[in-house]
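Asks: This is the structure, below, for whatever I ask next.
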Ligand code: MG
Ligand code: MG
């Protein structure tokens, strides 16, 4: 189906909005009146600009407070409408949105509303225009789609139909099943928006919290199925406004918007992009840094060993068990000190995984590779982190490890300080990665990881940070071998709330913490108050809590099991965590995150 987006959904000037919509691949736009009024372009110039960009103007919106008003008021409204119809002719669009009246002058009289809309449609028809009547959820007398349709039906004019808006319908808890009773040709337009489930005034909810389909809690897909069953053939159009999009760049927002519509069509059975290929594990995490010194000591203290070096690039492979960390000192790729720049995901079908990502508008990364490198498919996530789809050591598939000849004398778990360690407390694999998202891209990132990568979202949690609030949402694969905690925090890019981390799994965190400290590693100091509280909340074996206190180990428990973990100091934008999950614990120690954040803030220069 054709896709469209309301200009009110994007930030910037009208020209910027049109360009962003076209670049993201939309077929058309709804022009919001205020965008036109604020534009220096004439309606003819806007028409030419949209045509040059390959866009159609699918709707002009909105016209308000037209119907069921006193006679003098209505005559004034008709004159105002005729002016708009002429403007629409210049703009090259033939459908106008009329919202149900919120005017205090409007009366509760369906027959009068139908008569007025009939006369409006009569005038519209003379100008070659159609009127799409929409029930606002907060309309004075008409606030449901069924009611709006009854009035449209009673008016009985060919130039009058209805406009359905998923937000107005679902926010009021209306059953969308009744849409199938409306003849498809009388549904002149369909506007789509989702919203997180919140208990608040519906007008405020609509104005500030709408989001793209799939990013909230409304069943937009179900509604679209009913609209399709009714026989609607017009565009799927996004009308989404919220406080975040108003401030975010139009380009990425438009891509996020279009991806959400593609996924909606997939869910509704209207389109079939390549199927998702769920990753089965982490192949590697890649850190970039101008200077590998500090991170090398940290990795060494954590028991990883430098085992291999890329044959042609300044990249070293550090490894213990299945935990593989690449450290790149490529001067082009390090921007802000040590950063988590890429991750490799084990994929049963790397080519298929990349094809899905590409079809859902993930930027495909150029392969700046030496002729002998394994061809790895990679895309950029919304936060710019590069995602490689890998088949590590699997016969018949390109193997990135072949580009890393082993360093002499180094094998798994050997070399660089890890050689003399026994396996108790050894790092086994990457448990999770925590990726901090730009504040305006949180919902986009969650949608990307869920739908493009095929991961499952978990509950969103809010964590108190001494200098703000950290929101976090984890996505995982089915067996928990891939866990990514997406977070947003306020504050500057180098602040604790914005740091990324790599969590390494062990089956003996106490031994791991001792080994780490014996090897010169410094754990993040945890305040004594934390341990006093811990002893009050949980019952421990004699000496257990004292061990945690001594080693800086934090503790959590859920209905499945326990979680024990410690953190390293932060280098650049990255720190490490070593975790032990027992009994099927599913979380990430969210209980302890405020303590961790406060401790990290306290270590920053100038804070105490
Ligand atoms: Mg609407
Ligand atoms: Mg963590």
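Please treat every number below as a calculation from the coordinates, not as lab data. Because the structure is predicted, anything quoted here is derived from the model rather than measured. So basically every Cβ, Gly included, is an ideal-geometry build from the backbone, and we count neighbours across all protein chains shown.
Asks: Based on other C-beta atoms within 10 Å, arrange 483, 79 from fewest to most.
Replies: 79, 483
Asks: Based on the mean of other beta carbon atoms within 10 Å per residue, what is the order of 45-55, 564-574, most packed first?
Replies: In descending order of packing, they fall as 564-574, 45-55.
Asks: To test your reading of the geometry: what angle, between 0 and 90 degrees and rounded to tens, separates the Cα axis of helix 110-126 from the longest principal axis of the chain?
Replies: 90
Asks: Which percent, to the nearest 5, of DSSP beta bridges fully inside the chain are antiparallel?
Replies: 55
Asks: Give the order of 400, 205 when sorted by the count of other beta carbons within 10 angstrom, beginning with the fewest.
Replies: Least to most surrounded, the residues fall as 205, 400.
Asks: Quickly work out the residue 73-to-residue 558 label distance, labels modelled 7 Å from Cα along the C-beta direction, and quote it in nm with one decimal.
Replies: Inter-label distance under the simple model: 5.5 nm.
Asks: Which order, highest average first, do 61-69, 140-148 follow once you tally other Cβ atoms within 10 Å for each residue and take the mean per peptide?
Replies: Going by the mean number of other Cβ atoms within 10 Å, highest first, we get 61-69, 140-148.
Asks: A further question on this structure: For the chain, find the longest principal axis of its Cα atoms and tell me its angle to the long axis of helix 593-603, 0 to 90°, nearest 10.
Replies: Around 70 degrees separate the two axes.
Asks: Calculated FRET efficiency, residue 358 and residue 311, Cβ-Cβ r, R0 45 Å, to nearest 0.05?
Replies: For residue 358 and residue 311, the calculated efficiency is 0.95.
Asks: While we're looking at this one, here's another question. Using Cα-Cα distances under 8 Å and only pairs 6 or more residues apart, what relative contact order does the chain have, in percent?
Replies: RCO, the chain: 10 percent.
Asks: When a/c is below 1.5 the answer is rounded, else prolate if a/b is larger than b/c, else oblate, so apply that to region 3-267 with a ≥ b ≥ c taken from the square roots of the Cα gyration tensor eigenvalues.
Replies: oblate
Asks: While we're here: For the chain, what is the calculated [θ] at 222 nm in deg cm²/dmol (nearest 500), taking -39500 (n - 2.57) for each run of four or more DSSP H residues and dividing by its residue count?
Replies: Theoretical 222 nm ellipticity from helices: -9000 deg cm²/dmol.
Asks: Follow-up question, since we're still on this one. What fraction of the DSSP beta bridges in region 3-267 is antiparallel, stated in percent and rounded to the nearest 5?
Replies: 5
Asks: Once the Cβ-Cβ distance between residue 103 and residue 271 is put in as r, and R0 is 51 Å, what FRET efficiency do you end up with, to the nearest 0.05?
Replies: Calculated transfer efficiency: 0.80.
Asks: Shifting gears a bit: Run the numbers for residue 541 and residue 246: contour at 0.36 nm per residue of separation, minus the present Cα-Cα distance, in nm.
Replies: 100.8 nm
Asks: Could you list 553, 270, 5 in order of exposure, starting from the residue whose Cβ has the fewest other Cβ atoms within 10 Å?
Replies: In increasing order of surrounding Cβ atoms, one gets 270, 553, 5.
Asks: Hey, another quick one. Report the extension gain between residue 399 and residue 428 in nm, rounded to one decimal, defined as 0.36 nm multiplied by the number of residues separating them, less their alpha carbon distance.
Replies: My answer for the length gained is 8.3 nm.
Asks: Could you tell me the center-to-center distance, by alpha carbons, between region 344-363 and region 182-209 in angstrom?
Replies: 33
Asks: Stretch residue 201-residue 53 to full length: gain in nm at 0.36 nm per residue minus the Cα-Cα span?
Replies: Answer, rounded to one decimal: 49.4 nm.
Asks: Let me ask something else. Which distance in Å, rounded to a whole number, links the C-alpha centroids of region 264-309 and region 57-121?
Replies: 55
Asks: With r defined as the distance between the Cβ atoms of residue 330 and residue 522 and R0 fixed at 30 Å, what FRET efficiency is calculated, to the nearest 0.05?
Replies: E(calc), rounded to 0.05, equals 0.60.
Asks: Residue 603 versus residue 529, label points 7 Å from Cα toward the beta carbon: distance in nm?
Replies: Roughly 2.0 nm, to one decimal.
Asks: If I fit a long axis through the Cα atoms of helix 43-52 and take the longest principal axis of the Cα atoms of the chain, what angle between them do I get, 0 to 90°, rounded to 10?
Replies: 50
Asks: What is the spread of the Cα atoms of the chain along each of their three principal axes, largest first, in whole Å?
Replies: 91, 61, 44
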